1. Of all residues in segment 51-102, how many are in contact with a Phe, Trp or Tyr (Cβ under 9 Å, 6 or more places away or on another chain) and of a type in the set (Gly, Ala, Ser)?
2. Hey, could you check segment 98-115 for residues that are part of a loop (DSSP other than H, G, I, E, B) and charged (D, E, K, R) and say which is modelled with the lowest pLDDT?
3. Within segment 61-97, how many residues are part of a helix (DSSP H, G or I) and either surrounded by fewer than 18 Cβ atoms within 10 Å (Cβ to Cβ) or in contact with a helix residue (DSSP H, G or I) (Cβ under 9 Å, 6 or more places away or on another chain) (or both)?
4. Could you list all residues from segment 12-46 that are over 16 Å from residue 85 (Cα atoms), outside any loop (DSSP other than H, G, I, E, B) and not β-branched (Val, Ile, Thr)?
5. Assuming residue 54 fulfils every condition listed in (1) part of a loop (DSSP other than H, G, I, E, B); (2) hydrophobic (A, V, I, L, M, F, W, C); (3) modelled with pLDDT of 95 or more apart from one, which condition is it?
6. Pull up segment 67-107, narrow it to residues that are in contact with an Asp or Glu (Cβ under 8 Å, 6 or more places away or on another chain) and not small (Gly, Ala, Ser), then point me to the one that is nearest to residue 35 (Cα to Cα).
7. With 23, 19, 37, 82 as the choices, which residue is in contact with a Pro (Cβ under 6 Å, 6 or more places away or on another chain) and of a type in the set (A, V, I, L, M)?
8. Is there any pair with a first residue in segment 28-53 that is free of Cβ contacts under 8 Å to residues at least 24 places away in the same chain and of a type in the set (D, E, K, R) and a second that is surrounded by fewer than 16 Cβ atoms within 10 Å (Cβ to Cβ) and in a loop (DSSP other than H, G, I, E, B) whose Cβ atoms are under 7 Å apart and which are 6 or more apart or on different chains, and what are they?
Amino acid sequence: MLHVSVALASLFTPVRNGVQVAVRLIPKAAKDAIEGVIERAGGGFALKARVRSAPENGKANTALLRLLARAWGLPAAQLAIVAGKSDRNKILHIDGDPDALLAHLRAWLLAHEEK
């Protein structure tokens, strides 16, 4: 696990109409949790998250979106998986003003930085 301040510049990517973030999802876990920031094998960074739901019929994806929406204080309808729906490595799109979202998400990340 990396110190999250290292990943601030590349974890959240501004795009047209929002922000994208890479997530590494672990389904069928003991609890729902965001565990921190990891370095991706292909370069860059991703949030590491665990959910109790199994990866069947989209249950783990739905649980992931609910977990992140709750953690970030955003409506779940603002979040969508745009790549990796059937993979552990996912790209999420968060709909909204990119500048406002970046400020909000970076503040959240800094507040949850590993001590």
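1. 2
2. Start the filter on segment 98-115 by keeping residues that are part of a loop (DSSP other than H, G, I, E, B), which leaves 112-115.
Filter again for charged (D, E, K, R), leaving 113-115.
Details: 113: 68, 114: 55, 115: 43.
Filtering first and then ranking leaves 115.
3. Quick first cut of segment 61-97, residues part of a helix (DSSP H, G or I) only: 61-72, 76-78.
Narrowing the set further to residues that are either surrounded by fewer than 18 Cβ atoms within 10 Å (Cβ to Cβ) or in contact with a helix residue (DSSP H, G or I) (Cβ under 9 Å, 6 or more places away or on another chain) (or both) leaves 62, 65-66, 68-72, 76-78.
The total comes to 11.
4. 12, 14, 18, 33, 35, 36, 39, 45
5. Every listed condition holds for residue 54 apart from (3).
6. 67
7. Numbers: 23 fails: in contact with a Pro (Cβ under 6 Å, 6 or more places away or on another chain); 37 fails: in contact with a Pro (Cβ under 6 Å, 6 or more places away or on another chain); 82 fails: in contact with a Pro (Cβ under 6 Å, 6 or more places away or on another chain).
Sole residue among the options that is in contact with a Pro (Cβ under 6 Å, 6 or more places away or on another chain) and of a type in the set (A, V, I, L, M): 19.
8. Once the first residue is free of Cβ contacts under 8 Å to residues at least 24 places away in the same chain and of a type in the set (D, E, K, R) and sits in segment 28-53, its partners that are surrounded by fewer than 16 Cβ atoms within 10 Å (Cβ to Cβ) and in a loop (DSSP other than H, G, I, E, B) give 31/52.
The values are calculated or read from the model by the stated rules, or taken from the named source; none is laboratory data. Everything numeric in this text was worked out from a predicted model, so none of it was measured. Note: ideal-geometry Cβ built from the backbone for every residue, glycine included; neighbour counts use all protein chains shown.
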